[in-house]
Structure formats: structure tokens, C-alpha cells
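K.L.:
Dumping the structure here so I can ask a few things about it.
The values are calculated or read from the model by the stated rules, or taken from the named source; none is laboratory data. Treat the numbers as computed from the prediction; the structure is a model and nothing was measured. Virtual Cβ from ideal backbone geometry, glycine too; neighbours counted across all protein chains shown.
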Amino acid sequence: MRGKLQWLSQHHHQPPLPLPSTSIRQLSALSPTSAHPRTPSTRNPHLSEAFLDMAMQGFSVNFQGYDSVLTECINRRSFRDGQLVHAHMIKTDYKPPVYLRTRLIVLYNKCDCLCDARMVFDEMPERNVVSWTAMISAYSQRERGSEALSLFVQMLRSGVVANEFTFATVLTMCAGASGFHLGRQVHSLIIKRKCEAHIFVGSSLLDMYAKAGRIQEARSIFETLPERDVVSCTAMIASYAQLGLDEEAIDMFRRLYSEGMCSNYVTYASVLTALSGLAALSYGRQVHGHVIRLELPFRVVLENSLMDMYSKCGKPLCSRRIFDSMPERSTVSWNAMLVCYSKHGMGEDVVELFRLMKEDDKVKPDSITLLAVLSGCSHGGMQNRGLDIFDEMVEGKYEIEPEMEHYGCVVDLLGRAGLAERAFEFIRRMPFEPTPAILGSLLGACRVHSNLNIGQLVGLRLIEVEPENAGNYVILSNLYASSGSWEDVRRLRELMMEKAVVKEPGRSWIELEQTLHTFHAGDPSSHPEKNELFAKVRELSARFREAGYVPDLSCVLHDVDDEQKEKILLGHSEKLALAFGLINTSEGASLRVMKNLRICVDCHSFAKFVSKIHGRNVSLRDKNRFHHIVDGVCSCGDYW
DNA sequence: GTAGGGTTAG
């Protein structure tokens, strides 16, 4: 049961992550200056002026002169000066060689003037691989994939041989599901050209495979790289983290760290993503200590991931402390804080923070902002405010077109307000076909408000479009059970057996003394304290029954008798984790439990009794949100 | 001269 998460155990010979108290100095020594992103050069700030003076006086300029002045313009991203240099070439009838024309492409691209760059490119009497790659890269950086791709094809057809720069650029463009097919073809070409051993090509290649979900292929590319650097190592760690393979991400970080890998701000941002997924608070705090002391550049990015780590570890106040101390904030920073409040059901804080964001001229709300605000209003019991904000959105107040997810939030808002009929009508009038997630949200609302009519309609439709999702059957079964329709519960169970539903195995975990303890539903087999644990859950259940707890058997859809159903319920992973926490912590200590799926009604009720009878604050993170339970009352208002 | 990894949601 302790399983693979043992990397967090204190029994390891070496510290699992570099601890702030012991190894800061060592880490500082490892911190690479070379890996810091390039900053615009500030040397020779008057070169352009000197050039312009000379040009005004009618001097002609030679190759070296143009080269140095263009370099300066590129470094300073000075469009105006660059344009004057370009105009001077034309005026003096200077015919720039390929090299200088390529410099002009780079300059215009850096100044965000893609059209000018393309014009220079089109007017080139001859082109080499560098000028082609510069132009392809320009399109790729501005997310103009189709133009970049068509140029790449033209380049190959014209007989110019692609080099490592070209391949790295094109592969980066192919990262993402839609580019995978092309990426594979590029990979074959790379193998033919024997470019694969190049570290830039290798890291973009592994990233391309990982972003297509092919983590094994990504890993094997990584393992066969002839050398590694901070980018290729970080790409591998980030790939695991982005796919939710958090333990693998941390294992990889530990391995590479022990092998002397350099880390930079991107590495730590990726490590924090993995720690957020695991809700490994004590390790997240250690990383926090590090990044402060290392004084890494790009603080905004790092602080954003720190905020998110604290949020996902159940510490919204810590997130806010970071947010308040930030010298500058991006839209992502605001979004991260809004999402934090939303997941923690802090509706008023969401609304207030959104108000402050609108007052800040430096940032502009985007689609994610509105998603966070709408879902925050829903989870935080501010339904009317949420509906108003959606109306404002439709009116164009935020200049953001509502997308499917925003419509989904409205269904959630209406459902939570007990307006299932209106939500149903809203779905019918939406400009989109409802996704399973939207139908699921309405079904959940019908369960809470015991609306059998609409619930049945929506539930059966949902099972039709998403027959493999066991959660749908369970919620509809809850609904049938609560209205006493036992015959329907039986029929539903048969239907589920027929469709051979495979449920994602339930898993919960709890962090105690820097070790994550994981529990799988119905399987405490390998844990040293298994007997004690099962006995404890039984004992708790019996005690809670005296206080009014009634096991909700409709949460079990197996075709077994009630006694067996109760046994299955007692084996739910979050109950095992809660019992483990009660046994191993001192009286009155808070319990922080994480679950990979949505919490079931019965476990939610069980957790409320834990808090009430044992005087423990329980913080439970499920797939969708946090449940903060104090004295038997949950912050979700029993709606999730 | 041209190039690779990252933070919020789902």
C-alpha cells in the first residue's frame, strides 16, 4: 500500500529532495547561469545613432557596418531603427548578401512584424538553409503553423537540405496531437539524415512524442541521447508531470539530481506541477524554500506554480500570501488565484478578486479567467452573481466569446440553484451539442435536489453517450434509491453489467511525516497495518451509526447482498485513508486526504462524521474540488 | 545568422 510513493519516505539514504537546511549551498553551485534565458544586450546603446548620423551625411556603409548596426537593432528589438537601416540599403542601391537579408528577417520577426519579414524573404534572389529556417521559425513562434509547414515543404522541394535548427523548429511546431502525424514523418527524415543525436533535436523530439501521449517513446529517446542538459532533462520531467505521471516525474528529478543535473526555473516549475498533483505539501514547501534562496529568474512563472501547489495541497491562504507578495502578476497569476478560490468553494473571494483584476490595467481577463469565476460562483454558492457574469459575457463586456466550458458552468450554476428545468432548457438551446461533462453536471444536480424526472432523462441519455463511465450509473442509482425506485436500481445494475463497465480504480492517499501513504479500494493487502486498519474502519462505522450515520448502499452497484455491499463500502479508499490518519496522528490534528476520483456520497457522509465525532478538521481533495469539513459541515454544502 | 523544456483550465 505504501507502494511506489515511497520516494517520499524518510528511510531513504539520501534526502528525497534537496532539503533547504542542508544542501542549499550545493544547489546554488549547481544553478546554471548558462541556462538562464537570453536577455537583450545593452552594450553600445548609441550605435544606431552613430550609424544614422553617418548615413545622413551621405556616407556609404559596408557589410560590417550593416552587420553591427543590425545586430544592435535585433538585440534592442528596435523596429524603427531597423527599418531605417533597411531603407538606407535600398536608397544607396546596396545589394545585401543572403546573410544580411536573413538578419533582416530575424529583426522583423523579433519586432513582431511578420509581414515585413516575409517580404524580405520573398525578395531574396537566393536562399540558404539559414534563411529558410529563420522564416519557418518566425511563423512557428507566432503560432502560424500552416504557413511554417508549407514553407518547410517548399524548402525540401527546392533541394535545400534541412539542418538541426530546421528539425528542432519543425518538431516543436508538431508538438500536440494534431501535429503528431507530420512529426513522425519528420522523425523518419531525421533518422535518414542521422541528425537524431543532436541534443536540441532530441529534446524537441521527445517532447513531441510526450505531447502526443507516447511517453514510452519519449523516454526511450531520452535514454539514448548521447548527452543531456538542463533542457532535455526538464523536458522529460515536464512530460511526465503534464501527463499526470507525477511519481515518475519526481523519480526522474531525483535520479537526474543525484547524477548532477542542472536545474533552472522551468525544472522547478515542472517539479512543482508534479508535487501539486500528489498534494505533497511538505515537499512542496521544501521546493518553495529552494526557489526563494536560488533567486531564479522569471519569478512570475515560478510563483504561479507555487501558488498552484499550495492551492492543490489544500492551503488557499498560503497561495494568497504568495499572490499578495508578487511584485508583478500575469493573467496566469490572477487565474491561478481565482481557480484556487473556486476549488476551495470560496465564492465571495472569487468575486472580490475578479473585481480587483478588472481594475488592474496591466492584465486582461481571458477565457480561463471567466471559467474560474463562473465555476467559483457555482462552487461557492453565488449562483445569481455567476449568472449575471455569464450574461455580461454574452453581451460582450469581456470581449471573450463563451465556449462550451462556459456554458457548462451555467448548467452547473442553474443546477446548484435547484433550477433543473431551466438548466435542461438551457442545454436544449445551447449552440453546442452537450458534452458528457455537461450532462453529468445536471445529473449531479438532479441527485442533490431529488429531481427524478429530469435526472432519469439526463442519466439515461448520458449512459447512452458514455456507457463506459461507471460514475454515471452510480449517481443515477443514488437518485433512484433516494426515491425508493429499487426496481430501477436493479435494472440499472443489469445494464451496467451488460455494458461491461470498467471503473477506474479508486485510490486515496494521505501525507504523514513526509511520506505519502496510498490506499486502493478494497485492497489493503500489502500494508503492514492492514488488520488494524480494517478493524478501525469497522469500529468507526459502528460508532457513527449510533450517531446517525446510515451507509448509502446505492453507492455500490455490484450484484451482491446488502451485507456484502456494506463491506465493499467500508473498503472505499478514502475511508481507509481517514482511518489511517486517525490512528497515526495526535488527537485534534487536521486530516488532509486526496482522492483520484469524485468522492462518493457515502464516503462524504463518513468524513463528516469523522470531523464531528472525533473533532478533526478534514480537508478532502477529490477530482473536482476541495471539501473542507468542520464539525460535520462541509464547505461544498453537500453539492459537488 | 537559424533551434529544444515551463506556470492557470480541461
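K.L.:
Identify the single condition in (1) away from DNA strand B (no atom under 13 Å from the Cβ); (2) touching a residue at least 12 places away in the same chain (Cβ under 8 Å) that residue A:159 does not satisfy, given that it satisfies every other one.
P.N.:
With (1) away from DNA strand B (no atom under 13 Å from the Cβ); (2) touching a residue at least 12 places away in the same chain (Cβ under 8 Å) applied to residue A:159, the lone miss is (2).
K.L.:
Follow-up. Working only within the stretch A:434-451, note down all residues that are part of a helix (DSSP H, G or I) and surrounded by fewer than 18 Cβ atoms within 10 Å (Cβ to Cβ). Steps first, please.
P.N.:
Applying the first criterion (part of a helix (DSSP H, G or I)) to the stretch A:434-451 yields A:436-448.
A:436, A:437, listed by residue number.
K.L.:
Residues of the stretch A:434-452 being closer than 14 Å to residue A:411 by Cα, of a type in the set (A, V, I, L, M, F, W, C) and more than 11 Å from DNA strand B (Cβ to nearest atom), which ones?
P.N.:
Passing the criteria: A:439, A:442, A:443, A:445, A:446.
K.L.:
Yes or no: the stretch A:580-589 includes at least one residue that is free of Cβ contacts under 8 Å to residues at least 40 places away in the same chain and surrounded by 22 or more Cβ atoms within 10 Å (Cβ to Cβ).
P.N.:
The answer is no; no qualifying residue exists.
K.L.:
Also, I was wondering about something else. Filter the stretch A:262-309 down to the residues that are part of a loop (DSSP other than H, G, I, E, B) and near DNA strand B (Cβ under 10 Å from one of its atoms) and list them by number.
P.N.:
Those that are part of a loop (DSSP other than H, G, I, E, B) and near DNA strand B (Cβ under 10 Å from one of its atoms): A:262, A:263, A:264, A:296, A:297, A:298.
K.L.:
Does the stretch A:468-483 include one or more residues that are of a type in the set (A, V, I, L, M), at positive phi and surrounded by fewer than 20 Cβ atoms within 10 Å (Cβ to Cβ)?
P.N.:
The answer is no, given that none of the residues of the stretch A:468-483 is of a type in the set (A, V, I, L, M), at positive phi and surrounded by fewer than 20 Cβ atoms within 10 Å (Cβ to Cβ).
K.L.:
Let me ask you something else. What do you reckon, is residue A:55 modelled with pLDDT under 95, touching a helix residue (DSSP H, G or I) at 6+ places or on another chain (Cβ under 6 Å) and small (Gly, Ala, Ser)?
P.N.:
On the way: modelled with pLDDT under 95: yes; touching a helix residue (DSSP H, G or I) at 6+ places or on another chain (Cβ under 6 Å): yes; small (Gly, Ala, Ser): yes.
Taking the combined requirement at face value, the residue satisfies it.
K.L.:
For residue A:600, state whether it is touching a residue at least 12 places away in the same chain (Cβ under 8 Å), surrounded by 14 or more Cβ atoms within 10 Å (Cβ to Cβ) and either in contact with a Cys (Cβ under 9 Å, 6 or more places away or on another chain) or at positive phi (or both).
P.N.:
Yes.
Residue by residue, here is whether (1) among the basic types (Lys, Arg); (2) within 18 Å of residue A:179 (Cα to Cα) holds:
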| position | (1), (2) |
| --- | --- |
| A:194 | yes, no |
| A:203 | no, yes |
| A:210 | no, yes |
| A:243 | no, yes |
| A:271 | no, no |
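K.L.:
In this structure, is residue A:540 touching a residue at least 40 places away in the same chain (Cβ under 8 Å), part of a loop (DSSP other than H, G, I, E, B) and either closer than 25 Å to residue A:613 by Cα or assigned by the TED database to the domain that holds residue A:592 (or both)?
P.N.:
Here the answer is no, as residue A:540 does not meet what is asked.
K.L.:
Can you list residue pairs whose Cβ atoms sit under 8 Å apart, with the first residue in the stretch A:323-351 being under 17 Å from residue A:364 (Cα atoms) and in contact (Cβ under 8 Å) with a residue 60 or more places away in the chain and the second being among the small types (Gly, Ala, Ser) and within 10 Å of DNA strand B (Cβ to nearest atom)? Count only pairs 6 or more apart in sequence or on different chains.
P.N.:
Between residues of the stretch A:323-351 that are under 17 Å from residue A:364 (Cα atoms) and in contact (Cβ under 8 Å) with a residue 60 or more places away in the chain and residues that are among the small types (Gly, Ala, Ser) and within 10 Å of DNA strand B (Cβ to nearest atom), there is no close pair.
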